[in-house]
Amino acid sequence: EKGGWSSFMAKEISEEPDAIANTLLGRVHDGTVSLSELDPLGADTLAGIERIIVIACGTAAYAGMLGAYAIEKWARVPVDVQLSHEFRYREPVIGDRTLVVSISQSGETMDTLMAVKYAREAGARTLSICNTQGATIPRESDAVLYTHAGPEVAVASTKAFVAQVTALYLLGLQLASIRGSLSPELIAEQVAELAAVPAKLSEVLQSGETISQLARWMADTRSVLFLGRHVGYPVALEGALKLKELAYIHAEGFAAGELKHGPIALIEPGQIVFVVVPSPRDPLSLHPKVVSNIQEIRARGARVIAIAEEGDAAVLPYADEVIRIPLAAPLFEPLLSVVPLHIFGMELAAAKGLDVDQPRNLAKSVTVE
Ligand code: BG6
């Protein structure tokens, strides 16, 4: 039930901190991760995995992209993310040292199910990350790691997305522990970062009113662009997808580094661009690069809405609006920066008088190929 909320989506966005906390529950203790759900795969098999392929559709695929950054960094295993419906037609190179991780909120998406079956027949190990107990995809997989986001009713996925990212991060840390690629101290550091996310996210939810105001101002907008770099890139893609799905606005997400290779040609006066800004403390030093992207688009008349860390003053001279997120280590920032974009999509749809829970032409789970 909606319980006083204007829509299921509003309720589900408010539950994003809990979705993360509940997905961590019982799986982290004293700075360590223990996922007994992976036992059916065997620790030896996991230690010997040479490649991971993540398969998913829609929002779940963007969660997969975020997971890929974390798993590669922590467990030092190459990770590819492929759309389920593309995967098997490319004759993927897979074998018994490949782990295929499927992500599906419903566990019933036909394209993902068929991809899992294909992977299993080709000899791969299969792990399902799923939000629905006893669904078909987990039943067809060697092991299942459930996300505990609770039932998601709105067609556009929100709380399941952050729970999927959380589950993938736990998987990355568990693999790092099995494979010895991260010291126990570094694992404990990441666990602490992850455990701190729900409280920070509750703070982000407080900025909901600013975002809905922004959305009301933009109700007539015909096109919105989203830029992000590194882990901000999947966030940009997710922000764009939400606007298409919910508000029927043409929206595109780009990797900020691609700007000068094409998308900058789209910038004309008044074009709205959301920019996911990495932390100025980021050891990868991406912050000045993204700030310079902002300068480039601003000089061409773009209206810039920056999503930036609290205290980041470098964005102020160039941004028309700044949405603040609390400080977090780089890999954890997306769990905070994505939520204002979920709110924005919902509020813009609401400002246009649209049904945010049941967008036209879409279904919660697509059970045909
Ligand atoms: C789409 C939904 O049809 O399916 C998206 O509209 C969702 O919100 C996608 O991300 C994948 O669904 P699932 O259940 O496999 O995660």
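Matching residues to (1) in contact with a helix residue (DSSP H, G or I) (Cβ under 8 Å, 6 or more places away or on another chain); (2) of a type outside the set (D, E, K, R); (3) at pLDDT 95 or above:
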| position | (1), (2), (3) |
| --- | --- |
| Ala299 | no, yes, yes |
| Ala306 | yes, yes, yes |
| Glu309 | yes, no, yes |
| Ala314 | yes, yes, yes |
| Val322 | no, yes, yes |
| Leu335 | yes, yes, yes |
| Val339 | yes, yes, yes |
| Leu362 | yes, yes, no |
| Val366 | yes, yes, no |
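Can you tell me which condition Ser223 does not meet? The list is (1) out of contact with any strand residue (DSSP E or B) (no Cβ under 6 Å at 6 or more places or on another chain); (2) surrounded by fewer than 19 Cβ atoms within 10 Å (Cβ to Cβ); (3) in contact (Cβ under 8 Å) with a residue 12 or more places away in the chain, and all the others hold.
The one condition Ser223 does not meet is (1).
Here are some residues: Val356, Val338. Which one is part of a loop (DSSP other than H, G, I, E, B), buried (at least 21 other Cβ atoms within 10 Å of the Cβ) and either aliphatic (A, V, I, L, M) or away from the ligand (no atom under 16 Å from the Cβ) (or both)?
Val356 is the lone residue from the list that is part of a loop (DSSP other than H, G, I, E, B), buried (at least 21 other Cβ atoms within 10 Å of the Cβ) and either aliphatic (A, V, I, L, M) or away from the ligand (no atom under 16 Å from the Cβ) (or both).
Name the single residue that is surrounded by the fewest Cβ atoms within 10 Å (Cβ to Cβ) among those in the stretch 94-140 being within 14 Å of the ligand (Cβ to nearest atom) and more than 24 Å from Lys159 (Cα to Cα).
Selected residue: Met114.
Mind checking whether some residue in the stretch 135-151 is assigned to a helix (DSSP H, G or I), touching a Phe, Trp or Tyr at 6+ places or on another chain (Cβ under 9 Å), at pLDDT 95 or above and of a type in the set (A, V, I, L, M, F, W, C)?
No, the stretch 135-151 contains no residue that is assigned to a helix (DSSP H, G or I), touching a Phe, Trp or Tyr at 6+ places or on another chain (Cβ under 9 Å), at pLDDT 95 or above and of a type in the set (A, V, I, L, M, F, W, C).
When the residues of the stretch 67-93 are filtered to those that are within 14 Å of the ligand (Cβ to nearest atom) and touching a residue at least 40 places away in the same chain (Cβ under 8 Å), which remaining residue is surrounded by the most Cβ atoms within 10 Å (Cβ to Cβ)?
Ranking the candidates gives Gly67 first.
Do we have any residue at all in the stretch 185-195 that's among the polar types (S, T, N, Q) and either within 16 Å of the ligand (Cβ to nearest atom) or surrounded by fewer than 24 Cβ atoms within 10 Å (Cβ to Cβ) (or both)?
Checking the stretch 185-195: not a single residue is among the polar types (S, T, N, Q) and either within 16 Å of the ligand (Cβ to nearest atom) or surrounded by fewer than 24 Cβ atoms within 10 Å (Cβ to Cβ) (or both).
The values are calculated or read from the model by the stated rules, or taken from the named source; none is laboratory data. The shown structure was predicted, so the numbers you read here are calculated from the model rather than taken from an experiment. Please note: Cβ atoms are built from the backbone with ideal geometry, for glycine as well, and neighbour counts cover all protein chains shown.
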